[in-house]
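Heads up: the structure comes next, in structure tokens.
The values are calculated or read from the model by the stated rules, or taken from the named source; none is laboratory data. It should be emphasised that the depicted structure is a prediction, and the values quoted were computed from it without experimental measurement. Heads up, the Cβs are rebuilt from the backbone with ideal geometry, glycines too, and the neighbour counts pull from every protein chain shown.
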Amino acid sequence: MSTALFDLGGRAALVTGSSQGLGLVIARGLAEAGAAVVLNGRDEAKLARAVEGLRAAGLAAHGAAFDVTDAAAVDRGVAAAEREAGPIDILVNNAGAQRRAALLEMDEAAWRTVLDANLTSAFLVSRRAAGGMIARQGGKIINICSMMSELGRATTANYAAAKGGLKMLTRAMAVEWARHNIQANGLGPGYFLTEMTRPLAADPKFDAWLRARTPAGRWGRPEELIGAAVFLASRASDFVSGQIIYVDGGILAAL
Ligand code: GCO
């Protein structure tokens, strides 16, 4: 078996929400596998710093600052990304937000913000990027799902609804776009130390619970997502579609 199956040379990848956190780690991994990556975020200064960091490591990186929840901004943003890096072959819908609250105390803004950031964004960006993929009869879409694509946890009803919806949107994309040789799959992280989970990790009770709930007994290391991301972005997964690969230390296998 040749490692060429996992070579992303000559491909362009857009990763939404990638000026920090898991998105930036995944983008770096795709770039190290040969892709030209386009980072995305709303904060232009933070985005520029992230692009510079990848370029300093000798990687092909560009930036496209746009709001993934605004259809007009997405249209302009994907056009800008394609001007920078060429047609988008690989789209990673990673952008998201978390607004934890008990369901009865959750305000409408917290609901709508989380659904827009995690789910509607994937619809808007995929619909825009799919046009070029269909024209070229090929593409890879990777939707960043979650443990909450399968399980609920108190105070994350909005996030679970969004990530559960993202799992099913992934399958819908897989079904509708397979005839255009587009494979759409999900990548579901367990618990990794990021800005989003920092408040949880800082809580000794949650940290102890998470370590006991995870068969591997620890938090994930962000770079542990790269292998599955490169697989789903590469020719190695050309007959894989509608699947969600969970990188979770065994959480979903355990009662
Ligand atoms: C939470 C966390 C989780 C993680 C991740 C797990 O509040 O439980 O934010 O949602 O971020 O999505 O897969």
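As an exercise: evaluate Asp248 against (1) among the acidic types (Asp, Glu); (2) within 11 Å of the ligand (Cβ to nearest atom); (3) over 30 Å from Ala4 (Cβ atoms) and give the number of the one condition it does not meet.
For Asp248, the failing item is (3).
Tell me, which helices (runs of 4 or more DSSP H) lie completely within region 62-168 with 3 or more residues that are farther than 26 Å from Tyr191 by Cβ? Working first, answer last.
On the way: elements: 71-85, 108-115, 121-135.
Of the helices (runs of 4 or more DSSP H) lying wholly inside region 62-168, those with at least 3 residues that are farther than 26 Å from Tyr191 by Cβ span 71-85, 121-135.
Going by the structure shown, is Val175 assigned to a helix (DSSP H, G or I) and among the β-branched types (Val, Ile, Thr)?
Against the criterion (assigned to a helix (DSSP H, G or I) and among the β-branched types (Val, Ile, Thr)), Val175 qualifies.
Please work out which residue is farthest from the ligand (Cβ to nearest atom), limiting yourself to region 135-161 and to residues that are under 23 Å from Asn181 (Cβ atoms) and touching a residue at least 60 places away in the same chain (Cβ under 8 Å).
Taking region 135-161 first, the residues under 23 Å from Asn181 (Cβ atoms) are 135-145.
Then keep just the ones that are touching a residue at least 60 places away in the same chain (Cβ under 8 Å); that gives 140, 142, 144-145.
On the way: Lys140: 22, Ile142: 15, Ile144: 9, Cys145: 8 Å.
The selected residue is Lys140.
In region 213-249, which residue that is of a type in the set (Val, Ile, Thr) and free of Cβ contacts under 8 Å to residues at least 60 places away in the same chain is surrounded by the most Cβ atoms within 10 Å (Cβ to Cβ)?
Residue satisfying both the conditions and the ranking: Thr214.
Has region 45-54 got any residue that is assigned to a loop (DSSP other than H, G, I, E, B), in contact (Cβ under 8 Å) with a residue 12 or more places away in the chain, surrounded by fewer than 22 Cβ atoms within 10 Å (Cβ to Cβ) and over 17 Å from the mean Cα position of the chain (by Cα)?
Of all residues in region 45-54, those assigned to a loop (DSSP other than H, G, I, E, B) come to none.
There is no residue in region 45-54 that is assigned to a loop (DSSP other than H, G, I, E, B), in contact (Cβ under 8 Å) with a residue 12 or more places away in the chain, surrounded by fewer than 22 Cβ atoms within 10 Å (Cβ to Cβ) and over 17 Å from the mean Cα position of the chain (by Cα).
What's the number of the only condition in (1) at pLDDT 95 or above; (2) of a type outside the set (D, E, K, R); (3) over 24 Å from Arg76 (Cα atoms) that Met133 fails to meet?
For Met133, the exception is condition (3).
Within region 192-212, track down each residue that is part of a helix (DSSP H, G or I), surrounded by 14 or more Cβ atoms within 10 Å (Cβ to Cβ) and within 11 Å of the ligand (Cβ to nearest atom).
Leu200, Ala201, Phe206, Leu210
If you scan region 171-191, which residues turn out to be more than 10 Å from the ligand (Cβ to nearest atom) and buried (at least 19 other Cβ atoms within 10 Å of the Cβ)?
Met173, Ala174, Trp177, Ile182, Gln183, Ala184, Asn185, Gly186, Leu187
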